[in-house]
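Heads up: the structure comes next, in structure tokens.
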Amino acid sequence: MKKPFLEKTDAKVASLIAKEEKRQQEGMELIASENYVSRAVLEALGSVFTNKYSEGYPGKRYYGGQLFTDAVESLAIERAKKLFGAEHANVQPLSGAPANMIVYSAVLRPGDTVLGMDLSHGGHLTHGHPVTLSAKLYRFVRYKTKKDGLLDYEEIERVAKKEKPKILLAGFSSYTRQIDYQRIAGIAKKVGAISMFDMAHLAGLIAGKALPNPVPYFDIVTTTTHKTLRGPRGGMILCKKEFAQAIDKACFPGFQGGPHMNNIAAKAVAFKEALSPAFRAYAKQVLKNAKVLERELRTYGFQIMFGGTENHMVLVDVFSSKGVSGKEAEAVLDEIGLTLNKNMIPDDTRGPIDPGGVRIGVPAITTRGMKEKEVRQIASWINGAIEFRKDKKKLRGLRREVLAMCKKFPLPY
Ligand code: DSN
């Protein structure tokens, strides 16, 4: 994309942006949490709304000049509510981690208990990993998946009865199976906990009606607006009316200052896109592509975790399957232009720096228009690169093949 003003003002930054654009164009993005926003979303992000401070909420701001910020934030809120059938939406969280922290601070007191999913079993850092601020303020107890990859709802209920959490939290960043929303929300109700779902990874698939919607079942739902939802990097909180005031107050002035209005404008655009029939077709194709990836990788002898996938990603135990660590697999795949991330597998004994697994997601390649045929080819490259990881000539050949396919599926700019 041409950027004549930037090129003139700051050639260094312009050149870095151009290089990143080329890297994205010439590589295959398989990081499960990444995607390509539309040109329209990019234009809203780069708009004059970035100049405006607007602490507060539509109709109740602390600075003047809010005619259009009020209108654009209201539009984002209304579209978010329509997209997910929510009673209340707060579109100001800067991203997923702040959104979760805002919820905790809205409904918990320091020392209160949260029952959430273990990180190595698919949970997220902000669901209580000891290194996080939330874990220093609140007490997190964790649940795990069973050998068959499903959640152990009886065990979750037993622990919930024993620990009496204030929040029962579901949601994940590397879990691949469907969660029984009704069952989790039911357990929360039984023990008097607030039910919370972090749908950051799934939001686009839910908006596109390819997966069931947790919003009717849970008291509070958090999400990012990028990932499968294909909006700008940002966060959002949806909740039942009874929590609206506490959530809004905890967001501003409790946790954040002025909202990033250019980002909120871009969220509004992404929500409009996600309401379209084309987005539904996209979400459906993401699920198809992930299923093909799972099947193909199995035929090459890769061990797929959690018994398979029902969403947009697969978690693969590359160490047990192929004797290569997650870190080595990530590096060799990067060499041929396939970008993904090393990832812990359940109860990984190797640790997070060089774990036994990799996480592979298809949202971004699906945005580029790739379908089952291309996914079969990608699986074969993954297998080839890992198998011939010491053979530089072979890797160079695979790199050329990846590049040729990338050229046939340009980025949406
Ligand atoms: N970093 C995101 C992911 O990759 O899943 C979650 O925060």
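The values are calculated or read from the model by the stated rules, or taken from the named source; none is laboratory data. Bear in mind that the values here come from a model prediction, so they are computed numbers and not experimental data. Using ideal geometry, Cβ is built from the backbone for each residue, glycine included, and neighbour counts are taken over all protein chains shown. SASA here: full protein model, heavy atoms, side chains in, ligands and nucleic acids out. Shrake-Rupley method; radii C 1.70, N 1.55, O 1.52, S 1.80 Å.
So what does log10 I(q)/I(0) come out to for the range 133-264 at q = 0.13, 0.14 Å⁻¹, using the Debye formula with one equal point on every Cα and no solvent? The computed values of log10 I(q)/I(0) come out as -0.61, -0.71.
Need one word for the range 44-85: rounded, prolate or oblate. Basis is the Cα gyration tensor (sqrt eigenvalues a ≥ b ≥ c); a/c below 1.5 gives rounded, then a/b vs b/c decides. Could the numbers behind the result be given before it?
Working: a/c = 2.86, a/b = 1.44, b/c = 1.99.
Oblate, since a/c reaches 1.5 and b/c is not below a/b.
Scanning residues 5 or more positions from Phe140 or on other chains, those with amide H under 5 Å from its amide H are Val114, with H placed 1.01 Å from N in the peptide plane. Here the 3J(HN,Hα) profile of the range 306-322, calculated from phi with Karplus coefficients 6.51, -1.76 and 1.60 at θ = phi - 60°, is 6, x, x, 10, 10, 9, 9, 9, 10, 10, 10, 8, 6, 5, 5, 6, 10 Hz, Gly and Pro shown as x.
Please report the antiparallel percentage of the DSSP beta bridges confined to the chain, to the nearest 5. All intermediate terms of the calculation are to be shown ahead of the outcome.
Working: 21 of 38 bridges.
Among the beta bridges of the chain, antiparallel pairing accounts for roughly 55 percent.
Dimensions of the chain from C-alpha coordinates, computed as largest minus smallest value along each principal axis and given longest first, are 62, 60, 38 Å.
Of the peptides 206-212, 196-202, 90-96, how do they stack up when ordered by the mean number of other Cβ atoms within 10 Å, highest first?
Details: 206-212: 21.1, 196-202: 27.9, 90-96: 25.1.
My ranking of the peptides, most packed first, is 196-202, 90-96, 206-212.
Using a Gaussian network model of the chain in which every pair of alpha carbons under 10 angstrom is joined by a spring, one finds that among Leu398, Leu340, Leu16 the greatest mean-square fluctuation is at Leu16. Residue pairs exceeding 26 angstrom between C-alpha atoms, taken from Lys146/Lys166; Lys19/Lys408; Lys82/Lys144: Lys82/Lys144. Close amide-amide hydrogen proximity is noted between Leu338 and Met28, each under 5 Å apart and 5 or more residues distant or on a separate chain (H modeled in the peptide plane; Pro and chain starts excluded). Rounded to the nearest 500, the helix-only mean residue ellipticity at 222 nm of the chain stands at -14000 deg cm²/dmol, with each DSSP H run of n ≥ 4 adding -39,500 (n - 2.57).
Here the range 124-196 and the range 228-248 have alpha carbon centers that stand 20 Å from each other. Put simply, the amide H of Phe197, placed in the peptide plane, has neighbours under 5 Å in Ala170, Ile220, Val221, Thr222, leaving out anything fewer than 5 places away on its chain. With the highest mean first, a sort of the peptides 55-66, 325-336 on other beta-carbon atoms found within 10 angstrom per residue produces 325-336, 55-66. Comparing Gly123, Gly357, Gly149 in a Gaussian network model of the chain (Cα springs below 10 Å), the most mobile by mean-square fluctuation is Gly149.
Take the range 273-360 with all the other protein chains still there, run a 1.4 Å probe, and you get 39 Å² of accessible area per residue. Here the Gaussian network model covers the chain, with springs between Cα atoms less than 10 Å apart; of Lys342, Lys227, Lys164, Lys164 fluctuates the most.
To the nearest whole percent, what portion of all C-alpha pairs in the range 188-298 is separated by more than 21 angstrom? Please report the intermediate quantities before stating the final value.
Numbers: 2864 of 6105 pairs.
When all Cα pairs of the range 188-298 are counted, 47 percent exceed 21 Å.
Compactness of the range 56-159, taken as the C-alpha radius of gyration over 2.2 N^0.38 Å, stands at 1.41.
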